[in-house]
1. Looking at segment 180-217, which of the residues that are of a type in the set (Ser, Thr, Tyr) and touching a Phe, Trp or Tyr at 6+ places or on another chain (Cβ under 7 Å) is farthest from PHE158 (Cα to Cα)?
2. Within segment 40-48, identify whether any single residue is in contact with a helix residue (DSSP H, G or I) (Cβ under 6 Å, 6 or more places away or on another chain), at pLDDT below 90 and not in a helix (DSSP H, G or I), and answer yes or no.
3. Give the residue, chosen from ALA150, ALA138, that is free of Cβ contacts under 8 Å to residues at least 24 places away in the same chain, assigned by TED's automatic domain parsing to the domain that holds PHE109 and closer than 19 Å to VAL93 by Cβ.
4. Being within 20 Å of the chain's Cα centre (by Cα) and at pLDDT 90 or above narrows it down to one of THR131, THR141, so name that one.
5. Take the residues in segment 16-25 that are exposed (fewer than 10 other Cβ atoms within 10 Å of the Cβ) and modelled with pLDDT of 90 or more, then tell me which one is farthest from ALA287 (Cα to Cα).
6. Go through (1) in contact with a Lys or Arg (Cβ under 9 Å, 6 or more places away or on another chain); (2) modelled with pLDDT of 75 or more and name the single condition PRO62 misses.
Amino acid sequence: MTSKLIFGLLFLTLVSAAPDADKVTSLPGTNFTVGFDHYSGYLNASDTKFFHYWFTKAQTDPDSSPVILWLNGGPVGYSYDSTGNVATSDDDVAQHNYNALVYFFTYKFPEYKNHDFYITGESYGGVYVPTLAVKVAADKTNFPHFKGVAIGNGIYSFPLNYNTLVPLYYYHGLVRQNLYDQAVQKCCSGNSYKCDYYSQLTGFGECNDLVDQLLNQGPDLDPYNLYHACYLDGGSRSKRDFIHRTLREKSKVKFQTKPKPRAGDLPLCAQENNTEVYLNRADVRKALHIPDNLPHWTDCSNKFVNGLGQTVISGTDSQEWFYHGETPNVGGFVTKFSGNLDFVTVRGSGHFVPEDRPREALQLIYNFIHQRDYSLPTPF
């Protein structure tokens, strides 16, 4: 039976052996000896599409460890189409991801085909992961030991994301009280629990203006973690604008004048730009076997596709789970649903749990793939 986990973004790389041509023998900038084997190369997703992968061998028990695929919210990175055709859809992406996985287990690392296999991802992985999992679950020949999926802070519904964004801002003290009260009275018939802000964005009118003002609050904050300092350096546009710009496109809002930039449209927080700078270094690209003719690495494209809706019922009451650091403390809460679905929160984290709470993230994903209680400490 396939199990599922939805949680506050967990990151883990793949496990394997490897083709020598893809092996990374040095990693520029490291001041320590890398204690594991890792590989970087390309998987054939179609006759013209090539997906970049970075594959890391398990540090303990590599011959029996599960294989974990991580799909970032992206897309883009170093992947490319030789014809330059990037037009796609959710169905196309699912098929190409499936093709790449088959190629991975058939031609790159066939020795890991019989290992337990999990598909995980974050953010827009809320679309990538389930659409791919449907294809993988139906193919017992190529994926005989597919065990489950894990999605971190996934996007499933654009209306739901928009409708929860306003109360998120409000309850974090980012919205003026009088503005929020006006919006509830004018747009929600006075009932804040039944607000459909998303539907108010289709066109013009008082509600449209109020909602747009609400979403312009707190523009200098990092929307991935409201508690982090955000140092704007005028750099490239951030992947932070992914959700906001998509939602605006989905709502088909037309502006008579140029709108104010809101949090999602601001430049990248300076501290978030390090990955892009590093991965575009010539020596790093060479170490990762990236062809010279490919463009610069970027964390997200400007193409967006439809989200998926999902309804979950019959859940148990939420219970605490404990992180075991120097002393055990509440790591968050877990709610179990029928159909082997767990919803897990991580206390004190923003959108990126491995970045904000790496130790808690490790304990969660380790216990998930080993089918253990989330409160159990890891053995290392």
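1. Among residues in segment 180-217 that are of a type in the set (Ser, Thr, Tyr) and touching a Phe, Trp or Tyr at 6+ places or on another chain (Cβ under 7 Å), the one farthest from PHE158 (Cα to Cα) is TYR180.
2. no
3. ALA138
4. Residue meeting the stated conditions: THR131.
5. ALA21
6. (1)
Matching residues to (1) surrounded by 19 or more Cβ atoms within 10 Å (Cβ to Cβ); (2) of a type in the set (A, V, I, L, M); (3) at pLDDT 80 or above:
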| position | (1), (2), (3) |
| --- | --- |
| PRO167 | no, no, yes |
| TYR171 | no, no, yes |
| ARG176 | no, no, yes |
| ALA183 | yes, yes, yes |
| CYS187 | yes, no, yes |
| ASN191 | no, no, yes |
| TYR198 | yes, no, yes |
| GLY203 | no, no, no |
| ASN216 | no, no, no |
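The values are calculated or read from the model by the stated rules, or taken from the named source; none is laboratory data. Just so it is clear, the model here is predicted, and its values are computed rather than measured. Here the Cβ is made from the backbone with ideal geometry for all residues, glycine too, and neighbour counts use every protein chain on show.
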